[in-house]
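In what follows, a structure is listed as structure tokens, so that the remarks can point back to it.
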Amino acid sequence: MNAPTVLLADDHGAIRTGLRIMLEAHGISVVGEAADGDVAVRNAAALRPDVVLMDLRMPGRDGISATREIVERGLGDVLVLTSFDEDDLVLGAISAGAVGFLLKTVDAPALAAAVRAVAAGEGALDPRVTRRALAAVARSAATPTAPRTEPGDRPELTAREQEILEGILQGWSNAQLAERLHISVPTVKTHVSNVLAKLGARSRSHAAALVRRRDA
């Protein structure tokens, strides 16, 4: 597999430099940088990285708005770097379609592993971020994204899609789902896309949060 390509979006130059050093030391190609959300979107469109490593707090256009456009235009998968005091922003990033969340204290091996996982079509969630994000969802009174359905409803899911959803809730990767269900990874990806569409979710983590909020 070719080395994943990454776009770094953070308003602090020193942080971008540190991230570049960490990633390149682990064989990951950093193809560009951005200091605000507008530049992140433009550079993602021009460079088409596998992964956009996104800060949430940036001057001008923030990381949530940039994430939403990058995801909607299919310009790359977004892996968010967050701090402990950004619960509301994490919730917004889930809704915007980010597929992974790491704390800014992440070490180099974990960061590289997360980037590779996201580039391979999987998710990357720091357990501490996941717990806080789910708690934020539970507190949220946000309007559901799926029309005429309650958050986390499972409208017209086939038996296979229900199995896929249960695997998502367990945190299984595409490869793990394929192995457990005895189907191919491309077939898993198709089912995952169908499940997200039916739930009105933008990402695996968003789908899990919606379902858990409904079941709470």
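List of remarks:
- Projected label distance in nm at residue 61 and residue 179, using a 7 Å step from Cα toward the beta-carbon: 4.0
- Between residue 26 and residue 156, the FRET efficiency estimated from the beta carbon spacing at R0 = 45 angstrom works out to 0.55.
- Fully extended contour minus Cα-Cα distance, from residue 3 to residue 169, at 0.36 nm per residue: 56.9 nm
- Protein accessible area in segment 1-82, 1.4 Å probe - carbon and sulfur %: 49
- 3J(HN,Hα) from dihedral phi, segment 61-73, Karplus parametrisation 6.51/-1.76/1.60, rounded to Hz, x for glycine, proline: 6, 7, x, 5, 4, 5, 4, 4, 5, 4, 5, 4, 8
- Alpha-carbon centroid distance for the pair segment 1-27 / segment 45-108, whole angstrom: 14
- Taking a ≥ b ≥ c as the square roots of the Cα gyration tensor eigenvalues, segment 1-132 comes out rounded, since a/c falls below 1.5.
The values are calculated or read from the model by the stated rules, or taken from the named source; none is laboratory data. Being a predicted model, the structure only gives us computed values, none of them experimental. Please note: Cβ atoms are built from the backbone with ideal geometry, for glycine as well, and neighbour counts cover all protein chains shown. Areas reflect the complete protein model, heavy atoms only, side chains present, ligands, DNA and RNA absent. Shrake-Rupley method; radii C 1.70, N 1.55, O 1.52, S 1.80 Å.
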